[in-house]
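Single-structure report; data block below.
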């Protein structure tokens, strides 16, 4: 079996914090709830008897801490985690550091809605890397996922490109992944298929 467990990192904002768009340029740590979400991921993997054969995460500390904490909870050494720059979150350009209402007030409402609802890459904010680079990077990661289960911990923007690569992507138009949530993809009939998308780790499909 070729299977991916895709996980979004845990929370980086506390209850009193202003929630803004954070991409590759800001390396925020997990808050207390984010650490709890990482532990919940490890517990879910343990309950499902899923022992990943390889673990990849982006260079950002929010993904590294999520991966390390999940593996410690699972009882696996963090030494198997490999940092992969292709999983680095998108640099959100002019939207970086702004809240969703601020982006809408600045005239980005239509592009924001197209991204949130249909994962349409926006043109005006100056995101980096470009859409083609992101698509190519994810394609390479998928091609390298051979037999066994890969756990990939990354961010919401990158996860959407994994969904795009699935042969049944049209069945999952809502591709946003909440913090601490998981997705499952399996390689079937020469293509990657989404089995589960944006699910709490406690209902992880085995």
Handout entry: Top-ranked residue in the range 166-191 [being in contact with a helix residue (DSSP H, G or I) (Cβ under 6 Å, 6 or more places away or on another chain) and within 20 Å of residue 2 (Cα to Cα); ranked as surrounded by the fewest Cβ atoms within 10 Å (Cβ to Cβ)]
Key = 169
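For (1) in a loop (DSSP other than H, G, I, E, B); (2) free of Cβ contacts under 8 Å to residues at least 60 places away in the same chain; (3) over 21 Å from residue 21 (Cβ atoms); (4) under 21 Å from the mean Cα position of the chain (by Cα), each residue gets a yes or a no:
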| site | (1), (2), (3), (4) |
| --- | --- |
| 103 | no, no, no, no |
| 139 | no, yes, yes, yes |
| 143 | no, yes, yes, yes |
| 149 | no, no, yes, yes |
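Looking at the structure I just gave you, is residue 31 without any contact (Cβ under 8 Å) to a residue 24 or more places away in the chain and within 25 Å of residue 175 (Cβ to Cβ)? Working first, answer last.
Values: without any contact (Cβ under 8 Å) to a residue 24 or more places away in the chain: yes; within 25 Å of residue 175 (Cβ to Cβ): yes.
Judged against the criteria, residue 31 is a match.
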Practice task
Evaluate the range 82-91: report whether one residue or more is more than 19 Å from residue 133 (Cβ to Cβ) and at pLDDT 95 or above.
Solution key: yes
Practice task
For residue 110, state whether it is over 23 Å from residue 25 (Cα atoms), in a helix (DSSP H, G or I) and under 17 Å from the mean Cα position of the chain (by Cα).
Solution key: no
Problem - Count - residues of the range 1-41 that are touching a strand residue (DSSP E or B) at 6+ places or on another chain (Cβ under 7 Å), assigned to a helix (DSSP H, G or I) and farther than 20 Å from residue 205 by Cβ - result: 0
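Filter the range 42-62 down to residues that are in contact with a strand residue (DSSP E or B) (Cβ under 7 Å, 6 or more places away or on another chain), closer than 23 Å to residue 86 by Cα and either in a helix (DSSP H, G or I) or touching a residue at least 40 places away in the same chain (Cβ under 8 Å) (or both), then give me how many there are. Please lay out each step first, then the result.
Of all residues in the range 42-62, those in contact with a strand residue (DSSP E or B) (Cβ under 7 Å, 6 or more places away or on another chain) come to 50, 52-59.
Imposing the further condition that a residue be closer than 23 Å to residue 86 by Cα reduces the set to 52-59.
Those left that are additionally either in a helix (DSSP H, G or I) or touching a residue at least 40 places away in the same chain (Cβ under 8 Å) (or both): 52-58.
Residues in the range 42-62 being in contact with a strand residue (DSSP E or B) (Cβ under 7 Å, 6 or more places away or on another chain), closer than 23 Å to residue 86 by Cα and either in a helix (DSSP H, G or I) or touching a residue at least 40 places away in the same chain (Cβ under 8 Å) (or both): 7 in total.
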Handout entry: Residue within the range 171-185 that is farther than 22 Å from residue 38 by Cβ, touching a residue at least 24 places away in the same chain (Cβ under 8 Å) and not in a loop (DSSP other than H, G, I, E, B) present
Key = no
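The values are calculated or read from the model by the stated rules, or taken from the named source; none is laboratory data. This one's a predicted model, so the numbers in the text were calculated from it and none came from an experiment. Because the Cβ atoms are built from the backbone with ideal geometry, glycine has one as well, and the counts that use them run over all protein chains shown.
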